[in-house]
Amino acid sequence: MSDRENETAMLEIKNLHASVEGNEILRGIDLKIGSGEVHAIMGPNGSGKSTLARVLAGQEDYEVTDGQVLFDGKDLLEMDPEERAREGVFMAFQYPVEIPGVSNTYFLKAALNAVRKHRGLPEMDALEFLKLVREKMKLVQMEESLLNRPVNEGFSGGEKKRNEIFHMAVLEPRLCVLDETDSGLDIDALRVVADGVNVLRNKDRGFLVITHYQRLLNYIVPDYVHVLVDGRIVRSGGKELALELEEKGYSWLEGMAPERPVPVGA
Amino acid sequence: MQTTETNTIEQFATQEYKFGFVTEVEQETFPPGLNEDIIRMLSAKKEEPAWMLEWRLKAYRHWLTMEEPTWANIHYAPIDFQSIAYYAGPKPKGSGPKSLDEVDPEILKTYEKLGIPLHEREMLAGVAVDAVFDSVSVATTFKGKLAEMGIIFCSFSEAVRNHPELVQQYMGSVVPYTDNFYATLNSAVFSDGSFVYVPKGVRCPMELSTYFRINARNTGQFERTLIVADEGAYVSYLEGCTAPMRDENQLHAAVVELVALKDATIKYSTVQNWYPGDEQGRGGIYNFVTKRGKCEGANSKISWTQVETGSAITWKYPSVILKGDHSTGEFYSVALTKGRQQADTGTKMIHIGKNTKSNIVSKGISAGEGQNTYRGAVRILKGADGARNFSQCDSMLIGDKCGAHTFPYIDVQNPTARMEHEATTSKIGEDQIFYCNQRGISTEDAVSMIVSGFCKEVFRELPMEFAVEAQKLLAVNLEGSVG
């Protein structure tokens with residue numbers, strides 16, 4: 001582990017501060033994610049977990065007041081949301097949005113071709129795309145019936161989340177941010193979604209899994225766990241930290257003075 | 001990071017109009033003004049029979065007793081009807097074009113620029129075109145092929161001369177010359193338009209299409225279209241329109257009449273892209289149109305589909321009179337207003353026969369400072385046992401300076417009627433755009449995708465090539481909406 005310090009992380013967040021409508025939510029986040037690593041962010045409600053995800057994705061309601069985020073050495077905060085996506089940052093939404101009248105496949109083909117164009121690859125034609133979609137569908141156990149329905153329209157909570165993972169499988173991002181993907185899922189749906197994520201884990205892809213509950217981490221086993229309280233990471237550790245939290249509750253760490261910045265994996 | 005949605009939307013209205021060029025062609029134009037002499041001149045110019053002139057004069061005299069309607073939710077300075085020229089046409093070489101070879105090459109070029117080639121060999125397979133340039137029909141394609149099946153497809157003037165019995169029988173039978181201010185004006189001064197007759201049991205093998213082009217300055221365009229589908233006949237008709245960019249407003253007051261006899265079907269589709277005026281609301285076409293169809297016979301069907309993206313002001317209500325038992329009326333509409341455009345549009349479904357059905361799907365999109373009004377009336381008369389209506393009116397707002405208004409009128413005189421009305425208003429969501437962005441899709445493509453999705457139920461009613469065209473047109477109109 002000691003040589004990690006010298007490696008260039010895929011994602012490097014330095015002293016990140018962000019506010020919404022003048023209220024500071026993130027108060028100095030430091031975090032490094034290397035290729036192939038799965039990091040979990042846990043924390044009580046209102047601690048800033050989802051804000052972190054949305055700031056990384058580029059949602060404009062959040063204003064970054066200080067700090068830096070490097071993605072493969074590039075300044076992520078300078079990029080528009082679509083540019084971040086094309087560079088390989090993917091966010092699985094906590095509440096995936098419905099787009100009436102636009103079929104899921106049509107939408108995904110437009111997205112994939114935008115990403116491919118950015119990477120200097122030729123556009124995929126309908127046949128190639130269909131082949132890819134079938135392959136990925138199997139991979140993440142996506143039901144065929146969801147392909148031609150309008151994006152997320154009338155999908156159940158579980159179907160929406162599965163669709164997010166399906167999008168992820170097709171777009172093959174470098175960094176996947178899962179924003180409370182477990183919320184509103186029963187145990188079976190949770191397992192399907194987690195299985196989907198697990199097959200997408202590989203040595204080139206990093207994950208930032210945001211969750212309130214330890215439960216999800218039984219299925220998506222993280223390499224590192226960070227606890228976010230009041231806009232700061234107050235503790236980092238291995239996967240056993242999640243279990244400890246489950247047992248003791250967040251109050252254990254609430255009000256805790258932030259330690260000096262914790263090196264990743266410390 | 002500061003590309004806010006507001007910025008995005010404020011640039012919405014700045015898209016340039018692509019069809020605003022003027023054709024240099026030798027024109028013959030009447031002096032401005034309207035009186036009986038002008039009407040006589042017009043009628044003489046068109047070598048019309050006496051009955052036609054009489055009809056025009058009756059309409060004109062009636063028009064003098066009428067007042068301009070003010071009930072629509074639109075605002076504009078009063079129109080000076082004496083400052084408009086009521087006839088403009090390319091000067092004929094000899095006695096008027098007999099074939100395409102005799103049409104002024106400048107005009108052929110105009111249509112080619114607009115993507116409507118008039119040479120039959122270059123035509124999209126399966127579409128016959130009647131091209132109307134200002135007041136005159138300049139070319140009708142595939143006439144011969146259609147004539148073999150007994151289908152008449154020609155300019156209105158030609159029909160008056162060559163098929164007087166049909167014109168006399170049906171003209172004014174759906175929209176009488178006393179109908180309303182603009183329809184009456186049209187009856188007095190209409191210059192040209194298309195005429196279609198499909199005989200008994202014939203299914204028209206190709207889409208028929210009229211392409212209207214206003215070119216001349218300070219002229220009104222008053223075309224008149226009459227389509228008759230005899231028993232068991234089927235016809236699908238398309239209409240497209242553009243005009244040059246000019247600073248003054250131009251009046252377009254058309255009348256379209258459809259007659260469907262027993263078991264006949266008429267499908268009428270419009271893609272209207274008249275010049276909408278500039279960002280400050282200068283210029284643009286006043287599109288005051290009366291369109292109405294009559295399901296005369298049992299089991300007949302009339303279906304209107306319209307995509308309205310142009311014009312400074314649109315005022316039109318394509319309607320269906322459901323007289324025959326078991327007849328069906330449909331209205332599918334997309335109306336987009338941006339910049340300072342205003343649209344007051346909708347439909348009327350009048351149920352007279354038993355077990356008549358009507359279906360209304362209206363999609364209004366407002367952006368910039370556009371004002372979009374849906375106005376629809378459904379009337380179920382006493383004898384219309386078992387009548388059914390379904391209406392769906394959806395409005396989408398883009399930005400916060402535009403408006404959407406819905407005025408449904410319902411009049412039910414028969415207790416067996418079944419009516420359903422659904423209405424929604426949505427704002428194109430920042431969250432929807434962000435979701436698309438997060439998948440790599442640009443804001444511009446996202447807006448266009450979301451709007452197309454919103455209009456899907458209407459687009460799928462359009463013939464294939466037109467649906468693609470309409471989608472492109474909408475995308476073009478939405479271009480420049482992003483920062």
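Residues checked against (1) crowded, with 24+ Cβ neighbours inside 10 Å; (2) in contact with a Phe, Trp or Tyr (Cβ under 6 Å, 6 or more places away or on another chain); (3) assigned to a helix (DSSP H, G or I):
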{"position": "A:Asp30", "(1), (2), (3)": "no, no, no"}
{"position": "A:Ala40", "(1), (2), (3)": "yes, no, no"}
{"position": "A:Gly46", "(1), (2), (3)": "no, no, no"}
{"position": "A:Ala53", "(1), (2), (3)": "no, no, yes"}
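Which condition does B:Gly429 not pass, out of (1) within 31 Å of the chain's Cα centre (by Cα); (2) surrounded by 15 or more Cβ atoms within 10 Å (Cβ to Cβ); (3) at the interface with chain A (Cβ under 10 Å from one of its Cβ atoms), if it passes all the others?
Here B:Gly429 clears every test but (2).
Name the strands (runs of 3 or more DSSP E) wholly within region B:314-413 that hold at least 3 residues that are farther than 25 Å from B:His252 by Cβ?
B:357-366, B:371-380, B:388-397, B:403-412
Taking into account only those residues within region B:188-228 that are in a strand (DSSP E or B) and among the basic types (Lys, Arg), which is modelled with the highest pLDDT?
B:Arg203
Being away from chain B (no Cβ under 13 Å) and of a type in the set (Phe, Trp, Tyr) narrows it down to one residue among A:Phe155, A:Phe107; which is it?
From the options A:Phe155, A:Phe107, the qualifying one is A:Phe155.
Looking at (1) part of a loop (DSSP other than H, G, I, E, B); (2) of a type outside the set (Asp, Glu); (3) at pLDDT below 80, which one does B:Ile441 not meet, given that it meets all the others?
Only one criterion in (1) part of a loop (DSSP other than H, G, I, E, B); (2) of a type outside the set (Asp, Glu); (3) at pLDDT below 80 is unmet by B:Ile441, namely (3).
Would you point out which residue out of A:Glu12, A:Glu7, A:Glu63 is of a type in the set (Asp, Glu), at negative phi and modelled with pLDDT of 95 or more?
Only one candidate qualifies: A:Glu12.
Can you tell me which residues in region A:68-104 are part of a helix (DSSP H, G or I), of a type in the set (A, V, I, L, M) and either within 8 Å of chain B (Cβ to nearest Cβ) or surrounded by fewer than 21 Cβ atoms within 10 Å (Cβ to Cβ) (or both)?
A:Leu77, A:Ala85, listed by residue number.
Give the number of residues within region B:342-384 that are within 15 Å of B:Tyr332 (Cβ to Cβ) and either without any contact (Cβ under 8 Å) to a residue 12 or more places away in the chain or touching a helix residue (DSSP H, G or I) at 6+ places or on another chain (Cβ under 8 Å) (or both).
Residues meeting the conditions: 3.
Among the candidates B:Tyr170, B:Tyr237, B:Tyr177, which residue alone is within 16 Å of B:Gly293 (Cα to Cα), modelled with pLDDT of 95 or more and not charged (D, E, K, R)?
Of B:Tyr170, B:Tyr237, B:Tyr177, the one residue that is within 16 Å of B:Gly293 (Cα to Cα), modelled with pLDDT of 95 or more and not charged (D, E, K, R) is B:Tyr170.
Look at A:Thr65 and say whether it is closer than 27 Å to A:Tyr250 by Cβ, of a type in the set (Ser, Thr, Tyr) and crowded, with 20+ Cβ neighbours inside 10 Å.
Taking the combined requirement at face value, the residue does not satisfy it.
Scan B:Glu16, B:Glu47 and give me the residue that is modelled with pLDDT under 90, in a loop (DSSP other than H, G, I, E, B) and farther than 27 Å from B:Ile79 by Cα.
Criteria check complete, one pass: B:Glu47.
Going by the structure shown, is B:Thr416 more than 30 Å from A:Arg54 (Cα to Cα) and of a type outside the set (A, V, I, L, M)?
Yes: the conditions hold for B:Thr416.
I'm trying to understand the selection: among the residues of region B:150-175, which are touching a helix residue (DSSP H, G or I) at 6+ places or on another chain (Cβ under 8 Å) and part of a loop (DSSP other than H, G, I, E, B)?
Within region B:150-175, B:Met171, B:Gly172, B:Val175 meet the criteria.
The values are calculated or read from the model by the stated rules, or taken from the named source; none is laboratory data. Given the structure is predicted, the values throughout are model-derived calculations rather than measurements. Note that we place each Cβ from the backbone using ideal geometry, even for glycine, and neighbour counts take in every protein chain shown.
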